[in-house]
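The values are calculated or read from the model by the stated rules, or taken from the named source; none is laboratory data. Being a predicted model, the structure only gives us computed values, none of them experimental. Note that each Cβ is placed from the backbone with ideal geometry, even for glycine, and that neighbours are counted across all protein chains shown.
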Amino acid sequence: MVFLFLASGARGGYHGLVFDIPAVAVMERLRTDGARESGEPTQRKRQAATQRAQTALDALIASGEPITFRGLAQTAGVSIGFLYRYSLRARIEQLRADQQRTPAGPREGEIDQPPSQSNVVRALTAQLTNVKRHHRAEIARLEPAVAAAQGENLELRRQLGRTSPAPG
């Protein structure tokens, strides 16, 4: 007889089910269920998935697209875990590292336009120009006030020098 516990998350209690099947029969069923014993169908599925992943990886390389585990898994129709578990992992990591070291070439439509002409660069340049203009105007406004204060300081020192007794 097999007794199976199932946890109930909503109430936190346990609910048990009792099956009138010998434990040996359950274990035998689990062991021989599907293709676990021979492994041939599983191996064929793995080889087919590996071939799909290889083909998708070659297509990504040819198109110049960024190589990521998520993108490759989606393109090949395999799971991300499959790519991490089997022999493609080292090749994918190497290709990703190569792509990160090599700057990406210009995409279509960007060839005629230099990188400095992007919208972000233009906006920041305009903002910087406005700040510089504001600072120059403020400096021009403050320079006469500084000159007047220096003149006043000089006059006060002269007056102080005339009225103070000589040290002695």
Against the condition basic (Lys, Arg) and more than 23 Å from Gln43 (Cβ to Cβ), how does Arg85 come out, does it pass? no
With respect to Ala126, determine if the residue is of a type in the set (A, V, I, L, M, F, W, C), at pLDDT 85 or above and exposed (fewer than 11 other Cβ atoms within 10 Å of the Cβ). yes
Hits in the range 46-74 (condition: part of a helix (DSSP H, G or I) and buried (at least 17 other Cβ atoms within 10 Å of the Cβ)): Ala49, Thr50, Ala53, Ala56, Leu57, Leu60, Phe69, Leu72, Ala73
